[in-house]
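In what follows, a single structure is set out as structure tokens and then discussed.
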Amino acid sequence: MKKTLCITLSLLFTLALSACGKADSPAPAVSGSNPSNPPVVSVPDVGSQQGQSPSSCTFDPALFGGKLQSCAYAGNGTLLVLADKLYLYDTGAATVLATAEAPLRDFEAQAIDGGYVLTGMGDSGMTAYIYDSSLSLNKEIAVDELLQGDFVVSETGGVAASTDGKKLAFAALGGLYLYDLESGSLTTLLNVAQNAGTASIGISMLNGAAFAQDNSQIVFYGSGNSIPAVNGEDSFSIYGSIAVDGSGLKLTKPSAYDMEEIQSSASRLFFPQTFTQADGTLFWIDRATGSTNTLSFSTNGEGKDGVYSSEHGDYVATAVLDGSLTVRVYDVASGELVATEVIENSDPTYFNRIPRIYLLDGAKTAVVVLGGSISELDTLVSTFSFGE
């Protein structure tokens, strides 16, 4: 499932204000199907929020025009919000810091030193847009044209940016590539056609990648096959790593775990399972050390309706859809369930698709968005606090 990020109310006249912060009680659940009478939660005065740290959060939909569709983490409590335009929004100060024309209607975003990398499927296939911190577009890259015959098909993790903003990694059908943004050089790190792999596992396809260990390594996932071939064996999920100089390839077949995507946070990489195979666990890798871990959810099968990592990676949320939405938030380090929130609405259409959930680590606030991708519905937002 493709999860990119933070959305809210639709047309400007239907927007309601949602305040989020470290409150003793959560904001009320989204309710009411009449767009002329949406739920209203008071928002602190914008001026009083100036200079406030990311330990507080205010989400004010009235600052954005048109139907809000999606958001992305932008670092230090800021969000990239997609509505009629692309907005850079400070949740601590409740202020729009910059705007730009939206390059895509759906995208993945990565914060880098001095700016942002937005990626998504455009008219010419996968495209990467490099912005500075003021949302001025510095560079546009047609990735599939650059790869000359290979293609990036995954919108989540198909293009990875190094945190220093100097390199991009492309996980494509035919291999793994490293692109130097300063020199414009492209290096092939793994070539599936040339039997990339180890002595026991061959790579058959790559689906996603991320930089790790201070940008010296690239962690990736995809599918592979046993070497030598095993009669009747289908391809299976794999994950691995390789140094940016092409050395030290490592591959692992996780036992009975079918990876659907890679979610990159500042400190951890999360690999949610394919929804048909979800068994209530979440595999993750420490981005600094490369160590591997598993988080166990409260119930078997939890995760099939969505898994959502926080910006820093300290927390993970799950969605459970059953005529309403139950959101559970977990502390990744301890494995503790820290919050459970039930969201209801009289219109069941909102619960026919997985929601979008965004967790702000510093403010310990969850922003839950329903209907952002359904054009005929007004987007509804609910916020609640979690943790201490």
Next on the checklist: Quick check on region 209-319: take the gyration tensor over C-alpha atoms, sort the square-rooted eigenvalues as a ≥ b ≥ c, and tell me if it's rounded (a/c under 1.5), prolate or oblate.
Outcome noted: oblate
Checklist entry - Can you work out ³J(HN,Hα) from phi for every residue in region 258-265, in order, using Karplus 6.51 cos²θ - 1.76 cosθ + 1.60 and θ = phi - 60°, giving whole Hz and x for Gly and Pro? => result 9, 7, 9, 7, 10, 10, 9, 10
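For the chain, what's the relative contact order in percent, using C-alpha pairs closer than 8 Å and at least 6 residues apart? Each step should come with its number before you reach the end.
Numbers: 1052 pairs, mean separation 59.7, N = 388.
Once divided by the residue count of the chain, the mean separation gives 15 percent.
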Item to check | In Hz, Karplus ³J(HN,Hα) per residue of region 340-357 (6.51, -1.76, 1.60; θ = phi - 60°; x = Gly, Pro) | outcome: 9, 9, 9, 10, 10, 7, 6, 9, x, 4, 4, 9, 8, 10, 5, x, 10, 10
Checklist entry - Per-residue accessible area for Met121 at 1.4 Å probe radius, Å² rounded to 10? => result 70
Checklist outcome for this item: Cα pairs beyond 26 Å in the chain, in percent, come to 51
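Ranked highest first by average number of other Cβ atoms within 10 Å, how do 344-357, 374-387 line up? Walk me through the numbers before you get to the answer.
Details: 344-357: 18.1, 374-387: 21.1.
Going from most to least packed, we get 374-387, 344-357.
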Next on the checklist: Please give the Cα centre distance for region 202-275 versus region 300-374, rounded to the nearest Å.
Outcome noted: 26
Checklist entry - Just for the Cα atoms in region 264-314, what are the lengths along the principal axes, largest first, rounded to whole Å? => result 30, 19, 18
Checklist entry - Antiparallel as a % of all DSSP beta bridges within the chain, to the nearest 5? => result 100
Checklist entry - How long is region 187-240 along each principal axis, judged by its Cα atoms, biggest number first, in Å? => result 40, 19, 17
Checklist entry - aspartates and glutamates within cross-link reach of Lys139: Cα-Cα under 14 Å, excluding same-chain residues under 8 positions apart? => result Asp180, Glu182
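Sort 187-199, 97-109, 209-221 by packing, meaning the average of other beta carbons within 10 Å per residue, with the highest value first. Walk me through the numbers before you get to the answer.
On the way: 187-199: 15.2, 97-109: 17.5, 209-221: 21.5.
Peptide ranking by packing, descending: 209-221, 97-109, 187-199.
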Checklist entry - Given Cα pairs under 8 Å that are at least 6 residues apart, what percent is the relative contact order of region 264-308? => result 40
Item to check | Spread of Cα-to-Cα distances over 5 Å intervals beginning at zero, given as percent, for region 229-388 | outcome: 2, 8, 17, 19, 18, 14, 9, 6, 4, 2, 1, 0
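The values are calculated or read from the model by the stated rules, or taken from the named source; none is laboratory data. Keep in mind the model is a prediction, meaning the values are calculated, not measured. Quick reminder, even Gly has a Cβ in these numbers, built from the backbone with ideal geometry, and neighbours come from all protein chains shown. With ligands, DNA and RNA removed, areas are computed over all heavy atoms of the protein, side chains included. Shrake-Rupley method; radii C 1.70, N 1.55, O 1.52, S 1.80 Å.
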